[in-house]
Every structure is written in structure tokens, then in C-alpha cells.
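Here is the structure we will look at.
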Amino acid sequence: DESSNDSRADTVERREEALDVLRSNRADGYTIPSATLYPFQWNWDSAFIALGLVDVEPDAAKKELESLCAATWENGLLPHIVFHTDAEGYFPGPEEWGVEIDGTETSGITQPPMVVPAARHVYEATGDDAFLDRVYPALERHLEWWVRERSFDNSTVYVRHPWETGMDDSPAWTNPLAAFDPGDVEYEREDRKSDELADQRPTDWDYDRYVSLVREARAAEWNELELRQSCPFLVEDALTNAIFVRACDDLAALAAARGDDAAATTWREQAERSRETIRERLWNSDLETFVSYDRVGDRQLDANSVAGLASLFGEIPTNEQFEKLRRTLRDEFLSREFAVSSYVGEAFDPDRYWRGPVWINTNWLVADGLRRYGATDLADRIDRDSRRLVEREGFCEYFNPETGEGRGSDRFSWSAALYLEQTD
Ligand code: 2M8
């Protein structure tokens, strides 16, 4: 009928805009998240971008992941930013990190290993064995690094900076950040391009601690063993662990595709071992969700955030936990006009970054996870909200869950890429 023709025409037009956003944010073999706020290559952004690009521009999707993998450190750390060029307008830029790998400057922290699920998706969509041969060694080296350098017990993994979680100013980090004194840190922020944007970004209180953690880690020459003793922020993040577990499963599938059965077994066992610990250590029976664990304060961080729901993406919840988690999702996260709020507790702020707004990438993770548990109705509801938001407001960075208004930057790459992924 006419109205469904109209809405199909709208979708076609939006898809063209999405591709235009991605093309205009594209540099030489990689895509920046946003021209106004983030002028370099970001780790998990590139993974989401590749997921969206693969059906329309498979070669660009492959290049996106290959350029990221090429920045892997000798020890296996995959940096959260790759500074391919020296663009202006971002703090902390390359000079603050002081890292150079084969002539390319990078940061000295990582982000959730979405690159592995993305690589599996790109490989399966294209069947390109040569692509797999090019990226596999870096992917495996990276997951080995997580287990060797970022785990106390070879099962759960930890982060040593809030930026590593991707959910920078989540209220989950307030307590561990409040537990140390950042000292007198001097720096100049570049992310508050307007007063309005300033209210949608992390506070100076947060930034003092972000900067101090970077400077301390740099002073320790990024030595993970030393930082495990000295870093005041060591957190087993629920989101990072969920993506890590999924990455182990997906690496196992990629190993099997290459005929390496021994590696496939190793990574399947790693996934299972990690899942078992997460189910115990990160489950919070009051909030009925997964939370993060503070290794310095030796306590759970009881914040109800989308990170707990993302456990579905790693198939972490047992059936019993799933029933409870589904109730938490329904009661706490679906009661506002637009799903899924990034956080729903006392510190909820519908406009500020990872303290309440809806993000298209976490919606995508939760919807994918729900489908794995057969909860198609809930997954469809979340996908519909993502589409509705983008169709009303454009490809914003994040959205107010009550009014739907777009927040942060516009022409934001992963919002565009995941729209393509959802509507193909
Ligand atoms: C945001 O984080 C960066 C630091 O990495 C920042 O605020 O400057 C987060 O939303 C993160 O998840 C994202 O990857 C990055 C680039 O889009 O921006």
C-alpha cells in the first residue's frame, strides 16, 4: 500500500544519506567517527563501521579492519586510537600518549575487542580467505594479549582506564574514580565546542581522572605488569567481558574456517571458562543484571547500565539469569519512549553521554544478544527504536531516551553504519 511504499522510499533515502556520511568520514583506508569531535581512527568504532559497510562496500569494510589490525602493538595491545594523520581539534592527541608503532602514532590503551566479531561477519559475508589470512594473526595476538596481560585468573579480563570500556563517563565508574586523588593535572579540553555540547559531555571531574590515568600509565611506559600493581583503576567491566567472550567464540569459528582445529578448541574453551566466572562474579542479584567488578576496591560496582544487558551478546546469562535480565530490561529500560537507555539509576541524565542517552551501537549489541536467546519481539522493539531515532533526527552520536532528540555530534559513523546493517 501507499504508506508502506512511502516508508520504503524513506528508508532508501536514509540509506543513501548513511553511505554519504560514511564516505565523507572516510580517509585513507579507514573511517573517522565524526569530523567535528573525533578526527582519527577509533578501535571499536571501526568494527561497527565494517559491520555496516560490508554489504554495500565490502572492500572498504575489509580495509577498515585491516588498517586497524596493522596498528596492533608487538605485545598484542590494539590501541583505542590510531593517529594516522595529525589532525587538529582532539585532546588527548598523539603528543599526550607519546607512542609510535612502525611510524604510526597510537594511544596506549585499548577498547572492547569488537574487531573479532566484526571480522567474522565480514569474512562470512564475503568468503574472502585472503582477507582472513591477513587479519587472523593480529586478532589472535590481540585476544592472547587480553588473557596474558589483562586477566588475574585467565578468565575475566580487566580495563585500566574508563575510556577502554567505550562507556567513558558511565556512573559505574564514579566510585572507583572517586577513590583516588588525580593530583594537579593541567590540560586543555577540546571536546566542548559549544555550551550546549558541554552539558552533553563528561565533566571536568571526570577528565581530571582520565588525564591523570593516562599520564601515570605513560610514566610506567605502558608496562602492564607494573600497572597491575600501581594503577588506581582496575575494573572487570561487564561490557568488555561480554564482547571478549563473544570474540573468543568468533575467533574459534575463524580458526575452524582456516582448518586450525587446535586453535578452535583453545578459544572455545577460553570462552566457556570466562563465561563461568562472569556468571558468578559479575551477577548482581539485587539489580538482577550483570555489573562490573572493581579489582582495587574488591567490590561489585552496582550500577544498572546497558553494559549488563550486553551480556546477552556474549551468551553469558544462564536461562535462569536470562529470565531475570529480561524482567530488568522490560521494567527498567523499556519504560521510556525510546530504548535502550545507557543507564537507569539515580545518576540518570537523559542528555549526558553514557549517563542515560540511547546509543545505536549498544542497542545493536543488545538486540543481537536477545535474538540469540530467542527473544525476537524484544529485539525487534529495540531495532525499531534505533531506526525511529535515526529517521527523525539523523545520524546523531546519541539520543535523549525521553524526547528522542539527537545529542553529541551529527554525521556520526557508527549510527550510519548500523542503520545500513539493520535495513539491508
Ligand atoms: C567516546 O570516547 C572518546 C575517548 O575514546 C572521547 O570521549 O573522546 C566514546 O563514546 C567511545 O565509546 C567512542 O569509541 C569514541 C569515538 O566515537 O568516543
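We did not get these values from a lab; they are worked out from the coordinates using the rules stated. What you are looking at is a predicted structure, and each value in this text was computed from that prediction instead of being measured. Cβ atoms come from the backbone with ideal geometry, glycine included; neighbour counts cover every protein chain shown.
Listed peptides 123-129, 332-338, 240-246 appear in the order 240-246, 332-338, 123-129 once ranked by packing, highest mean of other Cβ atoms within 10 Å at the front.
Taking amide H atoms as placed 1.01 Å from N in the peptide plane, the amide H of Arg201 has no partner under 5 Å among residues 5 or more positions away or on other chains.
With r defined as the distance between the Cβ atoms of Ala178 and Glu2 and R0 fixed at 51 Å, what FRET efficiency is calculated, to the nearest 0.05? The partial results should precede the final answer.
On the way: r = 57 Å, r/R0 = 1.12.
Using R0 = 51 Å, I get an efficiency of 0.35.
Contour minus end-to-end for Arg279 and Asp204, with contour as 0.36 nm per residue of separation and end-to-end as the Cα-Cα distance? All intermediate terms of the calculation are to be shown ahead of the outcome.
Details: separation 75, 0.36 × 75 = 27.00 nm, distance 3.48 nm.
That works out to 23.5 nm of additional length.
Testing the spin-label approximation: label points 7 Å from Cα along Cα→Cβ at Asp286 and Arg392. State their distance in nm. Once both label points are built, they end up 3.4 nm from each other. Residue-wise HN-Hα couplings along the range 292-299, as the Karplus relation 6.51 cos²θ - 1.76 cosθ + 1.60 with θ = phi - 60° gives them from phi, are 9, 10, 8, 6, 7, x, 6, 7 Hz; Gly and Pro carry x.
For Asp10 and Arg228, what is the calculated FRET efficiency with R₀ set at 35 Å and r taken between the beta-carbons, to the nearest 0.05? Using R0 = 35 Å, I get an efficiency of 0.10. Obtain the nm distance between the two label points defined at Glu405 and Arg372 by a simple spin-label model: each point lies 7 Å from its Cα along the Cα-to-C-beta direction. Each label point is offset 7 Å from its Cα along the Cβ direction, giving 3.6 nm.
Candidates His142, Ser34, Thr106 compared by Cα position along the dipole of the range 2-423: farthest toward the positive end lies His142, with charges placed on Cβ. Summed over qualifying helices (DSSP H, 4 residues or more, each -39500 (n - 2.57)) and divided by its residue number, the chain shows a 222 nm mean residue ellipticity of -16000 deg cm²/dmol. Gain on full extension, evaluated as 0.36 nm per residue between Thr265 and Glu17 minus their Cα-Cα distance, stands at 85.0 nm.
Place +1 on the Cβ of every Lys and Arg and -1 on the Cβ of every Asp and Glu in the chain, take the dipole about the Cα centre, and give the residue among Ile278, Leu65, Gly406 whose Cα lies farthest towards its positive end. About the Cα centre, the residue reaching furthest to the positive side is Ile278. About the centre of its Cα atoms, the range 111-232 shows a dipole size close to 360 debye [charges on the beta carbon of Lys, Arg (+1) and Asp, Glu (-1) only; nearest 20 debye].
Provide the gained length on full extension for the span Asp55 to Ala130, in nm with one decimal, where the gain is 0.36 nm per separating residue minus the Cα-Cα distance. All intermediate terms of the calculation are to be shown ahead of the outcome.
Working: separation 75, 0.36 × 75 = 27.00 nm, distance 1.80 nm.
Separation in residues times 0.36 nm, less the Cα-Cα distance, equals 25.2 nm.
For the range 26-33, 3J(HN,Hα) computed residue by residue from phi via the Karplus equation (6.51, -1.76, 1.60; θ = phi - 60°) reads 8, 10, 7, x, 7, 10, 7, x Hz, glycine and proline entered as x. Could you tell me whether the range 325-424 comes out rounded, prolate or oblate from its Cα gyration tensor? Rule is a ≥ b ≥ c as square roots of the eigenvalues, rounded for a/c under 1.5, then prolate if a/b exceeds b/c, otherwise oblate. Oblate.
At a 10 angstrom cut-off on C-beta neighbours, averaged per residue, how do the peptides 413-423, 142-152 rank from highest to lowest? Could you put the intermediate results ahead of the total?
Values: 413-423: 25.5, 142-152: 18.5.
So the peptides 413-423, 142-152, ranked by packing, come out 413-423, 142-152.
For the range 2-423, relative contact order (Cα pairs under 8 Å, six or more residues apart, normalised by length) works out to 17 percent. At an R0 of 56 angstrom, the distance between the Cβ atoms of Arg327 and Ala27 translates into a FRET efficiency of 0.80.
What is the range 2-423 by shape, rounded, prolate or oblate, if you read a ≥ b ≥ c off the alpha carbon gyration tensor as root eigenvalues and call it rounded for a/c under 1.5, prolate for a/b larger than b/c, and oblate otherwise?
Values: a/c = 1.12, a/b = 1.10, b/c = 1.02.
Note, shape of the range 2-423 comes out rounded.
Only the Cβ atoms of Lys and Arg (+1) and of Asp and Glu (-1) were treated as charged; on that basis the dipole of the range 2-423 about its Cα centre amounts to roughly 980 debye.
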